[in-house]
Amino acid sequence: MTNKVYDVLKWIALVGLPAITTLYLTLATIWGFPYAEAIGATMGAVDVFLGAVLGISSISYARSNKE
């Protein structure tokens, strides 16, 4: 994974998905959008998974540079 791809994915995981999730859940509560809990939980799960994958990638990269 290149630095550019890593940086974009990291931004998505740290800023993009949480912001979109919060926006959807807030608007769903106000306007009565369907499946608010299911969609919010799914987006949260995707974000946690992406964070875990990026964390593993970061640890792997750090270890390979140590050697």
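The values are calculated or read from the model by the stated rules, or taken from the named source; none is laboratory data. Here the structure is a predicted model, which means the values were calculated and not measured. Methodologically, a virtual Cβ is constructed for each residue, glycine included, from the backbone with ideal geometry; neighbour enumeration extends over all protein chains shown.
Some values worked out for this structure:
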| read-out | value |
| --- | --- |
| Cross-chain or 6+ apart pairs with Cβ under 8 Å, region 24-48 first and outside any helix (DSSP H, G or I), then of a type outside the set (A, V, I, L, M) | F33/Y24 |
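Yes/no matrix, rows are residues, columns are (1) modelled with pLDDT of 95 or more; (2) hydroxyl-bearing (S, T, Y):
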| site | (1), (2) |
| --- | --- |
| L9 | no, no |
| L17 | yes, no |
| T26 | yes, yes |
| G32 | yes, no |
| V48 | yes, no |
| E67 | no, no |
